[in-house]
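The values are calculated or read from the model by the stated rules, or taken from the named source; none is laboratory data. This structure is a prediction, so every number in the text was calculated from the model and none was measured. Here Cβ is always computed from backbone atoms with ideal geometry, including for glycine, and neighbour counts include all displayed protein chains.
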Amino acid sequence: MKQSAMAANGKRDGFRVIIIGGSVAGLTLALSLERAGIDYLVLEARDQISPQVGASIGIFANGARILDQLGIYDSIEQHTDPPIWHDMLTGEGTLVQKVDSLRLMQIRTGYPVAFLERRQVLQLLYDHFPNRSKILTGKRVVGVDHLNRGVRVHCDDGSDFTGDIVAGADGVHSQIRQAMWQHAESHNALKHLKRDRQAMFAEYRCLFGISSAVPGLAEKTQYRTFNKDWSFLVVVGKDSQCFWFVFEKLDKVYRPPNMPSYNKDTDQKEFVKQFMARYVAQTVTFAALWQRRTAATLTVLEEAQYTHWTYDRIVCLGDAIHKMTPNIGQGGNWAIESAAALTNKLNKLLKRTKGRPVADDIRAALKNFEQSRHARTKEVCETAGFATRLEAFATLAHRLMSMYVVPYAGDMLVDVHCRAVAGAPKLDFLPPPEKSLRDGTVFQAARFVEPGDNPAWRALRALPLLAICLVNYRVLGSAAAAVVPQIDGAADRRSVAALMTDLAALQTVGMVETMRRGNNFTLAALWPVFALVGHWKGLLGYAAPVYFFLHYVQCSPDRFAAPDNRLVPRHHAKTIVAAVAVGYILPAASLLFADRTHACVFERVWQVCPLTTALVHRAFASAIPNTTATERVQNPCADMRHLRLAYAAGAFISGATYCYLAITSRWYTHIFWSDALQLWQAYRVLAVPAEVSRGQLIRYHHLITFGSSLLWELLHFRDLGRAGRLNMSYLKVAGVLFGTVMLMGPGAAMALAWAWREEVLARKTRWGTEAEKRR
C-alpha cells in the first residue's frame, strides 16, 4: 500500500526533506528543521525510536549548545550527574593521574560532560516534537528514485514518500550512502568514489555496556585504564550507573565485506574471560562491572572518513559519512553538529530563493554543507583514532606519550578540546543559549575572533618585527657583539644603566609570559632562552624581535579567553619581583659599579643572568604552596595583585632611572634621541653611521629592542580592539604609548602597557559590542 506525501509546510512552498534514520543525527536534523519551519519526514527502520542496545552517549559542549537551542538540554541534565574527576590508571590498577579536567571543561564551555543512555537522548528528542506523525517507525528503505523535481523513497512494506532531498542518517552501514554511490556511478560522477568505497576499516573492537552501581567506583568520576593492545573507559553517571567500554586491538586490519561480526552469547562470553581480573579502578576489576551489567554489546569499531557527503539530491550525515572510534566521545556530538550545519544551509537556501529552489541551487547548498564540514571532521576523526591507539599503546611512541607526557602536560588536553569546541557550528537562526554566553566561555570568545585570523595572517601582520632583524643585520652587522657591556667612562655608564633598568622591566614581562598558563607548550614560554642568547652574544637587538614575532603569532586574544589561561600561577606571580631583584638587578648593579679588577667577572655573571633569574624564580616559587589547581577554577584572578606589583616595580626602576638621567644629565637625553634619529637615518640608507662608539652601539640595541617591544604591544592592542575588548582606537593607544615613552622612557612604557593589557584580559565583560557590529 502506497502512502501519499504529507502536507507541505506552507512557509516553504512545499519543500521537504526525507530523513532516513531515527538516530541522534536524524532526530536532531528533524527537530532543527522543525524550528526553522522546513517540512520533513523521518523514516526509521526499527519498530521503536529508542531501543535498548547497551549504548551510552556523552554530550559535550559542542553538542549541548545545539540541544540547548532546541530546548532539550534541560531535560538531558535531569538524567545526568556529570563527572568532574578523571582517573588514569595502568593495566595493573596503579593510579597515574587524578585531575579535575572535566570540571575545568565545564567552566570554560558553560556545559558539563553529560553521560546517559543513548536511548534516553533519542526519547527526549522524540518527546520534543510537536507533530510526531512526521516520525514513522518500521520503514526500512530499499530504494531511492530521482524525479524531475525531487526524489521518491521506497520502503520494504510497499510504501513510498516524495520530497526534495534525502538525508541519510542511517548509521555506519548506510543504505542511503550506497544509493548515493550507485546514483553517482550511473552518471560517471564523483571522481573519488572508488576511494570512498574502500575508506572503511577496523583495527579495534569494543564491548560496551551499562551496569548498576559498583562498590569502589566513585561518583562524578571517569576512569581510563591504558595497556598494551587493550584499554578500559568507565564513566559513573547518575545514581552511580556505570557506562563502560572495553577496547581491544584485532589480529589485523579488516575491511568490508570481511568485517568481523559477533554473537551476543558465545562471542561475548569468550571475549570477557581475559578481562575479568583486569583493573578498571585501583581496587575494582572488570568482573564487578560484568556481574552487574544491565546491557552489553560486542562490536567491531569501524573507522571511515568519506570524501563525498552528497551527490545530486542525496546527502549523508552522522556515522553514515564520518565514523570515528568512541574514545573521545565525539561521534554523537559530531552528528548533532552536522545536523545543525545542514539545517543552516537549507534555511539560508530557502530564504534566498523565491518559491521552491531549483535542483542546481539545492546541489550547491548541499555541496557547501559538505565543504564546510570536511576539515573539521577530518581533524576529529584523526584525533579519535589517535586516542584509541594512544590508550592501547599501539607503538612505543604512544606508550611514552601516554605514560610520560600526558600526565605532566597540565591542562593541555583541555586546551585542545576547548579550541575544537569553540569552532563548532550552532543553529544560526536561533539565539545562542545563555549558558554559552557566560563570561569567559570559549563560545563567547569565538563569536568575536577576527575572521581568518589564523597563524599565517598573524605572521604576515607581524613581519615588521622580522624585518627589524634583517635591517639590523644589514646596518649593524657583526658590530652587534660589542653590546656586551664594557664600561669606559661616564657616558658608557649612563647608557648601560639605562639599558639594564629597561631590561629589568622587559625581564619582568618575559617571566610573566613564560609562566602564563595559556602559553604552555608554545614558544612564548621560552623567553629565558631568547634573553640568554641576547645577553651572551650581545644579540638582543635580534633575539628580542624574533621572540616578539613568535609570541604574537601564537598568542591570539582567544587563547586567553578562558580566564584560567590568562592566569599566572600565584606562587610564580608572587615571586617575580624577588627573582628579578636577586637574579637580574643585583648582577646588573654589581657590573655597573664594579672596578676594573672585577668587571670581567661581573660581566660574565650578567651575560647569563636571564638563566640565573629563571632558576632563582623557580627556587623561590617552590617554597610557596602551588594553589593553581583550585584557583584556575574558583579564582582565576588570584594572580592580579602580584602581577600589578611586578609591573609597577619594573616600570618604577626603569622610569626612575630614565627620569634621573634626564634631570641630572641633559646630555644623555639629547644624545639618546639623537641616536634614535641617526638609527632611523641608517635604516633608510641601510648603512651604519661612521665612527660608532661602544656607547652608541649600546643605545642602538637599546632602541631596537624597545622599539620592537612597543610595536609588539601595539599589535596585541590592535587584536584587543578588533575583539571588542578595548574601546579605544589604535591611534589613541599609540599616542598613549608614545607619550609614556617621552615622560618615563621606553622600558617603563613597555611595562605599563603590558600591565594595561593584563587588566583588559582579566576584566569580566561580555566580549565586544563593537566587534559584534563589524560582523
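Structure data summary
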quantity: Answer from 166, 172, 144 - the residue that is farther than 17 Å from residue 312 by Cα, among the aliphatic types (A, V, I, L, M) and at pLDDT 95 or above; calculated: 172
quantity: Filter result for residue 104 (exposed (fewer than 15 other Cβ atoms within 10 Å of the Cβ), touching an Asp or Glu at 6+ places or on another chain (Cβ under 9 Å) and not hydroxyl-bearing (Ser, Thr, Tyr)); calculated: no
quantity: The range 85-141 - residue that is small (Gly, Ala, Ser), part of a loop (DSSP other than H, G, I, E, B) and more than 20 Å from the chain's Cα centre (by Cα) and, of those, farthest from residue 153 (Cα to Cα); calculated: 93
quantity: Residue in the range 80-98 that is in the same structural domain as residue 235 (by TED's automatic domain parsing) and free of Cβ contacts under 8 Å to residues at least 60 places away in the same chain present; calculated: yes
quantity: Single unsatisfied condition, residue 372 versus (1) of a type in the set (Ser, Thr, Tyr); (2) within 21 Å of the chain's Cα centre (by Cα); (3) modelled with pLDDT under 95; calculated: (3)
quantity: Scan of the range 299-329 for residues that are over 22 Å from residue 116 (Cα atoms), of a type in the set (Gly, Ala, Ser) and touching a Gly at 6+ places or on another chain (Cβ under 9 Å), ordered by number; calculated: 320
quantity: The listed residue being part of a strand (DSSP E or B), crowded, with 17+ Cβ neighbours inside 10 Å and of a type outside the set (Lys, Arg), out of 153, 172; calculated: 153
quantity: Unmet requirement for residue 445, which otherwise passes all of (1) at pLDDT 90 or above; (2) within 25 Å of residue 521 (Cβ to Cβ); calculated: (1)
quantity: Residue match in the range 502-517 (condition: at pLDDT below 60 and not in a helix (DSSP H, G or I)); calculated: no
quantity: Selection from the range 632-652 of residues that are in contact with a Leu (Cβ under 7 Å, 6 or more places away or on another chain) and closer than 23 Å to residue 112 by Cβ; calculated: 632, 633, 636
quantity: Residues of the range 539-563 satisfying the condition of being small (Gly, Ala, Ser) and either surrounded by fewer than 21 Cβ atoms within 10 Å (Cβ to Cβ) or in a helix (DSSP H, G or I) (or both); calculated: 541, 543, 544, 556
quantity: Hits in the range 564-582 - residues which are surrounded by fewer than 24 Cβ atoms within 10 Å (Cβ to Cβ) and among the small types (Gly, Ala, Ser); calculated: 578, 581
quantity: Identity of the residue in the range 714-730, of a type outside the set (Phe, Trp, Tyr) and part of a helix (DSSP H, G or I), that ends up modelled with the lowest pLDDT; calculated: 722
quantity: Given (1) crowded, with 18+ Cβ neighbours inside 10 Å; (2) out of contact with any His (no Cβ under 7 Å at 6 or more places or on another chain); (3) in a loop (DSSP other than H, G, I, E, B), index of the condition residue 190 fails; calculated: (2)
quantity: Scope the range 147-161; condition closer than 13 Å to residue 18 by Cα and in contact with an Asp or Glu (Cβ under 9 Å, 6 or more places away or on another chain); matching residues; calculated: 150, 151, 152, 153, 154, 160
quantity: Close pairs from the range 394-422: first in the same structural domain as residue 337 (by TED's automatic domain parsing), partner part of a loop (DSSP other than H, G, I, E, B), Cβ under 7 Å, at least 6 apart; calculated: 399/393; 402/393; 410/520; 412/520; 412/521; 418/562; 421/60
quantity: Residue ID - surrounded by the fewest Cβ atoms within 10 Å (Cβ to Cβ), chosen from residues in the range 223-247 that are over 17 Å from residue 407 (Cα atoms) and of a type in the set (S, T, N, Q); calculated: 240
quantity: Residues located in the range 191-209, provided they are among the basic types (Lys, Arg) and either modelled with pLDDT under 95 or outside the structural domain of residue 55 (by TED's automatic domain parsing) (or both); calculated: 191, 194, 195, 197
quantity: Subset of the range 329-354 [among the polar types (S, T, N, Q) and assigned to a helix (DSSP H, G or I)]; calculated: 333, 338, 343, 344, 347
quantity: Strands (runs of 3 or more DSSP E) lying entirely in the range 14-78 (those with 1 or more residues that are under 27 Å from residue 352 (Cβ atoms) and among the aliphatic types (A, V, I, L, M)); calculated: 16-20, 39-43
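Residues checked against (1) part of a helix (DSSP H, G or I); (2) surrounded by fewer than 16 Cβ atoms within 10 Å (Cβ to Cβ); (3) at pLDDT below 90:
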site: 701; (1), (2), (3): yes, no, yes
site: 732; (1), (2), (3): yes, yes, no
site: 740; (1), (2), (3): yes, no, no
site: 749; (1), (2), (3): yes, no, no
site: 757; (1), (2), (3): yes, no, no
site: 761; (1), (2), (3): yes, no, no
